[in-house]
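A quick write-up on the structure given underneath.
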Amino acid sequence: MDTNSIAMLEFPRVRERLANHTSFPAGRELALNLQPTADAEWVKLLLRQSAEARRLLSMRPDFHISEAYDVREDATRAEKGVSLDPLILLRVLNRLARNGLNKLSGELPALWGIVQDITVLTQTEAEIGKCLSATGEVLDAASPHLADVRWRLRDTRKQLQEKLASIVKSKRGQDALQEQLVTERNGRYVLPVRVEAKRELKGIVHDVSNTGATVFIEPMETIEAGNELRQLEVEERQEIERIIADLSALVGAAAEDIRLNIEILARLDLALAKALYAEKVKAIEPEIVSGDGGHYLRLLNARHPLLKGEAVPLSVELGRDFSVLLISGPNAGGKTVALKTIGLLVLMAQSGLPVPCMDGTVMPVYDEVFADIGDEQSIEQTLSTFSAHISNLARIIKMSTPHSLVLMDELGISTDPGEGAALAQATLTHFVGKGTAVVVTTHFSELKAFAHLNRGLRNASLDFDPVTLMPTYHLSVGIPGGSNALNIAARFGLPEEIVSNARSIMSRGSQEVEAMMVDLAAERKRLAEAQLFIGKEQARATELSAHLENEISRIRDRERDMLREIQDNINKEIAGLYRSIREAENELKKQANREKVERARRALERISGEADERNRLLGERLAALKEPEALAEVISVGDSVRLRDMDTVATVLSVDAGQGRLEAQVGDVKLTLRIDGVEKLDTPGPAAAEAERAVARPRTIRPASPELDLRGQRAEMVESALDSYLNDAFMSHLPEVRIIHGYGTGAVRAAVREGLAVHKLVKSFRPGGQGEGGDGVTIAVLT
């Protein structure tokens, strides 16, 4: 794309604002170097990534890659054999993004297309995680030799301290020591001895106090233990250096993959930054057209993203019935802003950035965007304003194609108006013949008339309120606008006599044209108000129609519920009658009165017939009330259904559509059920039975890990994760667990320890000791 035009349209300022939403330097670098492209398919892919990033953040607002680091230079240093700092080694573990999107690959294919190529450095990550704590401390588990050395260090240090403590408590120590304590000088344990008593405590003097009153002596009986301690410390340091060197060598071996991973994370970071920027400026992804419709531009309620406050939105079309749009209107009316808005939004879209517009915005992909805006006068190159514009115009004409977009502000100005207007007409005729999309601003009346009379051009104007004599910044397509120079001059304080004299100097024809344009503006305003009123009435009618439909649906639902309730009550009454009649029949049989038995039977048949008829009528009414979606799901004999109330699977034996009931078998039991109380399953009977058994199958408890890693979690998410883990650990009979929360801001650590303090399964807890991870870890003892 043309670099001069990109700068003129202020695209670099948009890149800077986009970069402020990135999470780490590699992503920021991509944002600051973002360039528009003329590849339509690539633009569509970039916009899909942006749309999916917005969707991801709406589903998971806590998703981020803020813990990613740009370790490309560090990997290169390791590749050359340099041992890296432990904290830098920890930064290689950039696993969050791929792991976080893995489960969403089906829903977010464009984003997954970015991160799926991340190389998982299984061995490198495992070794770093095993050897280093969250604070970069080399753990005992890093090597058996290190664990052995540290055990001996602790044992030797303990024995040495116990021996020194015994000297301090002895009578000799109490007489000779300045203070009853053990201190350290030059890495050796010493005792503070009064200078006059130094001969009473044999040993090596390692230091003298500033006053000279105290000498720091290492007693002779602890020198051997002190030497052993120093030797073990040297062994520990050497082993740590070896481990760090080995880990750095692993990073160096994977340097190429690490560099590629960082570049992939930077692309994901850029997509997320686009989503955050879109939310900031209320932007959407436009529809990108190519092929036969590849010249059509439609911006709906477009806003310049760099303007402060509430900007008047711009709606404009170009490239369908005309390829050249001529914008006129008052000075300071927003013509240049409209021009820049169109150009900047095209550059943003072709860079894969959402644009601040309404849904329905359609944009083509131009091969170039050219702009000639502002004063290009150059003293160094001895170019006047006109010469600079013409030089730029000549370059644009030479380089533009039928697939380019050209934006020109005040074409033909800074010279004789007649010659400038003629030059502008000739230039626009050239662009119309070439088929290039052009938007140009002007005050030339000749150019407005030219656009009105010739095919391929269309007038547009930024409206001017004839009452307030103020610009409205609203663009109307189809009608040219007046400059209203004299009215604006009067509003800005030019003396009335000068304005009046100017009116008298103007030709009568010019004044009539200006008056006609004012009348057209007023008429257009009345028409817009009428259209707005009609739109509101239509919306009101639509709302009332929807409300009535909802009311009808609610009444039908209520009637359906009432009929079902009546049907249930009838069934209960019939069941009661059956029971009473059977009881009466049994009683009559005992009395051997055949006539009474027969009379009871006839009464039963009559009641049963009446109940069947009432049920039939209710069933027909319920069937008439069923929604089309419910009627579409036909249940047949042999189908598998799920009982909604019991979550049980059954096989259909018979269906009575009139009664709204069916007979189904669950195991050895036959049930009569309401059709609306079951849900049809896709699986056949035997498979459904297996599904039923699967529902009842107990959950297998997996053995819990002895440690829980909460690094990267948000503090408010800790409580549920911790509670679930402690329950699993208790069920796995773990005596104690190690909870890794890191340092960070301390919020996660505080949340962990608050949770442990009140949890019923926790007997006690403490911070991690040396070799356990320090204060970045909490050890909990379970009940």
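Both radii were evaluated on the Cα set of the range 159-199; the Rg over Rh quotient, with Rh as the Kirkwood radius, amounts to 0.95. Amide hydrogen proximity for ASP372: with H placed 1.01 Å from N in the peptide plane, the residues at 5 or more positions away or on another chain lying under 5 Å are LEU407, MET408, ASP409. For the range 138-243, trypsin sites (Lys or Arg not before Pro) meeting the loop criterion (DSSP other than H, G, I, E, B) and having at most 11 other Cβ atoms within 10 Å: LYS202. Per-peptide packing, taken as the mean over residues of other Cβ atoms within 10 Å, places 434-443, 244-253, 58-67 in the sequence 434-443, 244-253, 58-67 from highest down. In terms of distances greater than 28 angstrom between alpha carbons, the cross-link table entries LYS80/LYS274; LYS282/LYS448; LYS280/LYS448; LYS340/LYS434; LYS44/LYS448 yield LYS80/LYS274; LYS282/LYS448; LYS280/LYS448; LYS44/LYS448. Applying both filters, DSSP loop and at most 10 other Cβ atoms within 10 Å, to the trypsin sites (Lys or Arg not before Pro) of the range 282-327 gives LYS308.
One equal scatterer on each Cα of the range 34-133, no solvent, Debye formula: the resulting log10 I(q)/I(0) at q = 0.13, 0.24, 0.25 Å⁻¹ is -0.63, -1.26, -1.31. For the range 1-154, averaging the sequence separation of C-alpha pairs within contact (under 8 Å, six or more residues apart) and dividing by the residue count gives a relative contact order of 17 percent. Across the range 165-176, coupling constants 3J(HN,Hα) worked out from phi with the 6.51/-1.76/1.60 Karplus curve, θ = phi - 60°, read 5, 5, 5, 4, 7, 5, 5, 4, x, 5, 6, 9 Hz, and Gly and Pro carry x.
Could you tell me whether the range 330-371 comes out rounded, prolate or oblate from its Cα gyration tensor? Rule is a ≥ b ≥ c as square roots of the eigenvalues, rounded for a/c under 1.5, then prolate if a/b exceeds b/c, otherwise oblate. Oblate, since a/c reaches 1.5 and b/c is not below a/b. Semi-axes of the equivalent ellipsoid for the range 81-226, computed as √(5λ) from the eigenvalues of its C-alpha gyration tensor and ordered from largest down, come to 56, 15, 12 Å.
The numbers here are math on the coordinates, done by the rules we state, and not lab data. From a predicted model like this one, the values you see are computed outputs, not experimental measurements. No Cβ is skipped: glycine too gets one built from the backbone with ideal geometry, and neighbour counts run over all protein chains shown.
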